[in-house]
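Here is the structure we will look at, set down as structure tokens.
Readers should treat all values here as calculations from the given coordinates under stated rules, not as data from a laboratory. This is a predicted model, so every value here is computed, not measured. Using ideal geometry, Cβ is built from the backbone for each residue, glycine included, and neighbour counts are taken over all protein chains shown.
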């Protein structure tokens, strides 16, 4: 029976083919059969994790807590130099110039990406805006978040910083960033389940060699990953502790 890999559903849709190519390359490198099973949202991912149906996962930082502490997954690698930061945006014609200028009660457009929303709420607390002051609009993607803000349906929106950077100039002209997080420790990571842990060294060797392999270089480029670097349990625990500290009680 093949092993199963999945990818956190917050990846950009245009990278989907890159993950399938990565999986094909990885199978050849470690001489194992791996089936890639994409999920549509974080609810579907949570169900897959609960059912122990995942052996290898490229996980969102918020899912790392459950994977490591409840499911005994082992972190093996993380994308080099990549960090998940949050941007709070408003419409370009909003009189607020920073989060301190926002009204006490606000409507927020957001996706279901947990770390982006968690950090966004934390940033608002510095302006004395608490969860009790917030009404949310859940959107399917970041461009929809921007549209809700531009149309006035939402006062502000939570975005992944990388998503904001990739917006077209037309979109950026109609929105403005009010605040960007600078946490520097939140990131995605590859983790293996206990039943796949015997392949940890082979996986790490393959990942670290990608930069030296022409095919691997092309795959990294298509995934918009510079390179992989090893990740251990201590780093995962530090990330988890940081999330625990950030998450409102």
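A few comments on the model shown:
- Panel note: the C-alpha atoms of the chain, placed on their principal axes, show extents of 58, 38, 27 Å (largest first).
- Computed as a quarter of the hull surface, the mean projected area of the alpha carbon convex hull for the stretch 86-180 stands at 5.1 nm².
- Equivalent ellipsoid semi-axes - Cα gyration tensor, the stretch 112-249, angstrom: 34, 22, 12
- Efficiency of FRET between residue 33 and residue 71 - r from beta-carbon atoms, R0 30 angstrom, step 0.05: 0.85
- Shape of the stretch 1-128, Cα gyration tensor, a/c cut at 1.5: prolate
- DSSP beta bridge pairing in the chain, given as percent antiparallel to the nearest 5: 60 percent
- Label-reachable residues, the stretch 87-121, where backbone N falls under 16 Å from a point 7 Å from residue 180's Cα toward its Cβ: 87-90, 98-99, 120
- Proxy reagent accessibility, fewest Cβ within 10 Å first, across 188, 35: 35, 188
- Helix 233-246 vs. the chain, principal-axis angle (Cα, 0 to 90°, nearest 10): 20 degrees
- Among beta bridges that DSSP assigns inside the stretch 86-180, antiparallel share in %, nearest 5: 60 percent
- For the pair the stretch 1-79 / the stretch 155-227, the C-alpha centres are spaced 14 Å from each other.
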